[in-house]
Amino acid sequence: MKSSFSSCIEKIIPFHEVKNVSEKVRSNQKIVFTNGVFDLVHKGHLTYLAQARDLGDVLWIGINSDSSVKRLKGPERPVNPEEDRALLLSCLFFVDYISVFSEDTPLELISQVAPHIHVKGGDYDLEALPETPLVRKLGGEVQILPFVPGFSSTDLIRRIRQKP
C-alpha cells in the first residue's frame, strides 16, 4: 500500500519527463496550467489554485526554481527552497502535477505541458503576458482569474521582516 506522502512525491515531475506525462494525460483530460513562486503558501494561493483546478480535469503547476526566484525577487528569497515548495503544493488534493522551471517565465515548460488552459491571477494583463502567444499557438487559451485582495507573499514577507 502506497503512503500519502509517496503519492505527493509522485506528483513532482522532472522537466525531462514532462512531455511524456503531458501527452498521456492530455489525450483524455483537460490540462490547466499555472505558475508562480509559491514561496509562502497562503489563503490567496489556495483560493486561486482551487479555482484554476475547477476549469479542467488536471491542474499542473510550474514553480520557479530557487535561482529564478532570486533573480525575480532578490537575494533574500526564496524563503523556502524549491524542493519544499514543490512538496507542499503536491500534497494539496486538487493539485495533480508540479514541475520546477529555471527561467523567469515558464515558456519551455508550457511548450512541454501544452495546456488546454493557462491561468494567471487578476493582477496580470492577458495581452501583456509573455506566455499568451505561446499558449494560443499550442491551441490553448489563457484565462485571468479574479484577484484575491489582501493576500500577497511579498507583503507578508515584508511584514514579517518588520516585526521587532
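The values are calculated or read from the model by the stated rules, or taken from the named source; none is laboratory data. No experiment lies behind these values; they were computed from the predicted model shown. Methodologically, a virtual Cβ is constructed for each residue, glycine included, from the backbone with ideal geometry; neighbour enumeration extends over all protein chains shown. Surface accessibility is based on the protein's heavy atoms, side chains included, excluding ligands, DNA and RNA. Shrake-Rupley method; radii C 1.70, N 1.55, O 1.52, S 1.80 Å.
Summary of values
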quantity	calculated
Using alpha-carbon coordinates, inclination of helix 153-162 to the longest axis of the chain, degrees	20 degrees
FRET efficiency, 1/(1 + (r/R0)^6) with R0 22 Å, evaluated for ASP123 and GLN29 via beta carbons	0.20
Accessible area per residue in Å² at 1.4 Å probe, computed on the chain	54 Å²
Between 0 and 90°, nearest 10: helix 15-26 axis offset from the chain longest Cα axis	50 degrees
Helix axis angle, 43-53 relative to the chain longest principal axis, alpha carbon, degrees	10 degrees
Apportionment of accessible area to carbon and sulfur, segment 4-162, percent (1.4 Å)	54 percent
Environment charge of VAL95, counting only residues whose C-beta is closer than 14 Å and scoring Lys/Arg +1, Asp/Glu -1	-1
Net lengthening on full extension, LEU72/GLU141 (0.36 nm per residue, minus Cα-Cα)	22.3 nm
Choice from VAL142, VAL113, VAL21 with maximal GNM fluctuation in the chain (Cα, 10 Å cutoff)	VAL21
Cα centre as origin, Lys/Arg/Asp/Glu Cβ charges: the chain dipole, Debye	320 debye
Sorted largest first, extent of segment 4-162 alpha carbons per principal axis (Å)	49, 38, 26
Net charge, PHE15 excluded, C-beta distance under 13 Å - Lys, Arg +1, Asp, Glu -1	-3
Sparse-neighbourhood loop sites, GluC sites (Glu not before Pro) in segment 73-111 - DSSP loop, at most 15 other Cβ within 10 angstrom	GLU76, GLU103
Neighbour net charge for TYR48 - beta-carbon separation under 12 angstrom, K R +1, D E -1	+1
